[in-house]
Amino acid sequence: MSMYQVNPVCGSLLKPDLPTCMYTLPNIHGQQGNSCTSDLCSEHALQNGEVDPAVKALEARQDEILRKLYDLKAAVDGLAKTVTTPDADLDLTVSSSLSSQSPSSTTFTGVTNLDTLLGKDLGALRDIVINANPAQPPLTLMVLHSVLCQRYRVLSTVHVHSSVSNVPPQLLSCLGPRHADSYARQMFQLGVTLIWKDVPKLQMKFSVQNMCPIEGEANVARFLFKLLSPYPSDAALATLVDSWVDMAFFQLAEGSAKERAAVLRALNSALGRSPWLAGQEFSLADMACYCCVLQSGPASSTPSNVQRWLKSCENLGHFSPAKPFLQ
């Protein structure tokens, strides 16, 4: 039994017209000849697999935006390695360069892969940040930088930290002149950022998140040299190279007069048996000892075999960037 009884409003025979579809569209298949409008023709073209010009323009604009975002990401990823370190308070950007030197007859053997050595960085520029004291210019760094520029596309930048002042002009331009395309970081494979700073010894930072800083010119030289040529596979030969590198930096460059004389005698003896310090090929041992021998005194005061070896090193052409700092 219902609570309320209501009289019917309409008759029981009334049948309302209900729609059979939600939207009413024109039938393009019923058009005769070429009398279709432009909108209908456009719809017909889309049904034939063609792309609307408006969609093409939108896709082109999207691709351009994505390219700019990719370039911006590469630049930010590269700068992050510098900004997230305590060296972010830089005062002056001096130069940015891509070496344009004519490649000399490099004697390095073996093939190196940046992805294997430095890790794949998803297109971002691999930045190597180095802190150096202007009172002790790292000659091996300048030599290795010059050779790296012959092997890779290197973007090099020099900065001056607030802890130092009166940096000589030749140190401000030690990595070469500014390159016209230095703003396009995606064009380069490797970035070398040199910061003149008041530090007790050379420091190198590559990956702030994955590795600790490398200290000492000998260790930085080892790291950079591996980007040019792998270390000898023979353990005895690799140990010989390391021993000469240590003697160069710890006895020739920092040792007493007695230690320097002992190293020069050892050099003269080794060079009497082979043309280079580690056998028949030029290596990091020759590069390190060359710089430290000339830093410790004039070439004319060295033994005969050492003088002949110094001339052989100069004939390679790798050491021209270090020559201004040896005079």
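Brief remarks follow.
- For the stretch 311-327, the candidate set comprises residues that are assigned to a helix (DSSP H, G or I) and surrounded by 17 or more Cβ atoms within 10 Å (Cβ to Cβ); within that set, the residue that is modelled with the lowest pLDDT is F325.
- Filter pass, A54 being modelled with pLDDT under 85, loosely packed, with under 12 Cβ neighbours inside 10 Å and part of a helix (DSSP H, G or I): yes
- When we screen R265, R308 for residues that are open to solvent by 60 Å² or more (accessible area, probe 1.4 Å) and touching a Leu at 6+ places or on another chain (Cβ under 8 Å), the only hit is R308.
- Qualifying position, being within 11 Å of I195 (Cβ to Cβ) and of a type outside the set (G, A, S), among V154, V143, V164, V147: V164
- Total residues in the stretch 187-234, condition of a type in the set (G, A, S) and at pLDDT 90 or above: 3
- Residue-level check: of (1) farther than 29 Å from L171 by Cα; (2) modelled with pLDDT of 90 or more; (3) open to solvent by 40 Å² or more (accessible area, probe 1.4 Å), L271 misses just (3).
- Matching residues, the stretch 195-225, being open to solvent by 50 Å² or more (accessible area, probe 1.4 Å), among the aliphatic types (A, V, I, L, M) and free of Cβ contacts under 8 Å to residues at least 12 places away in the same chain: M211
- Taken over the stretch 274-289, the criterion of being buried (at least 24 other Cβ atoms within 10 Å of the Cβ) and out of contact with any Ser or Thr (no Cβ under 9 Å at 6 or more places or on another chain) is satisfied by C289 alone.
- The criterion of at least 3 residues that are in contact (Cβ under 8 Å) with a residue 24 or more places away in the chain and closer than 20 Å to M142 by Cα is met by the following helices (runs of 4 or more DSSP H) wholly inside the stretch 226-310: 235-247, 284-296.
The values are calculated or read from the model by the stated rules, or taken from the named source; none is laboratory data. All figures in this text were calculated on a predicted structure; none of them were measured in a lab. With ideal geometry, Cβ positions are generated from the backbone for all residues, glycine too; neighbour counts draw on all protein chains shown. The protein model used for the area step is the full one, side chains on, heavy atoms only, and it has no ligands, DNA or RNA in it. Shrake-Rupley method; radii C 1.70, N 1.55, O 1.52, S 1.80 Å.
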